[in-house]
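Scroll down for the structure; my scribbles are underneath it.
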Amino acid sequence: MNLTDRDKHIIKDHIDRGEPLPPKYKVMLFADAPEVELIWQGKTSEVTSVVLPFQSIEQIDEPRSEAHQQFGLFALNGGGRQSGGWTNKLIWGDNKLVLSSLKNGPMRREIEAAGGLKLIYIDPPFDVGADFSFDVDIGDQSLTK
């Protein structure tokens, strides 16, 4: 364990006040602490259990013509991603709401039947509470994206 005198003082102060340790010290002190944890100012441990419906905006799942199919590692067997009953999904939204909906919603059965999730990529910024909408001018009209 490699703690500075300042680290020891901070840890002692938290213990004396009965407060939880800052996450960075958990990794230093406890062997069973998670290897990776996202930490940012204002992060909460609030859990969301909301279930929102997903709306399909666009599907791109047409198989390539036989002349253009790849072979080997990326071969298309039987044509199209739809043939397996599951497609990759790009979901746009607040990560807490999306993850809660995947875990608690009707899509969970579909996910489990397909063998579970293999990857979830969440693109920052995290939990900043900002509105990232912007106006797009198309001809003489304007819409908010």
ask   = By average Cβ neighbour count within 10 Å, what is the ranking of 130-139, 98-107 from highest down?
value = 98-107, 130-139
task = Mind giving me the nanometre distance, one decimal, between the label points for residue 107 and residue 19, set 7 Å out from Cα along Cα→Cβ?
result = 3.9
Greater than 22 Å apart at Cα, pairs in 26/103; 43/118; 103/145; 96/145; 96/118 = 26/103; 43/118; 103/145
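Each reported figure results from applying straightforward, stated rules to the coordinates on display, with no laboratory input. Please read these numbers as outputs of a predicted model, since none were measured by experiment. All Cβ positions, even for glycine, are placed from backbone atoms using ideal geometry, and neighbour counts span all protein chains on display.
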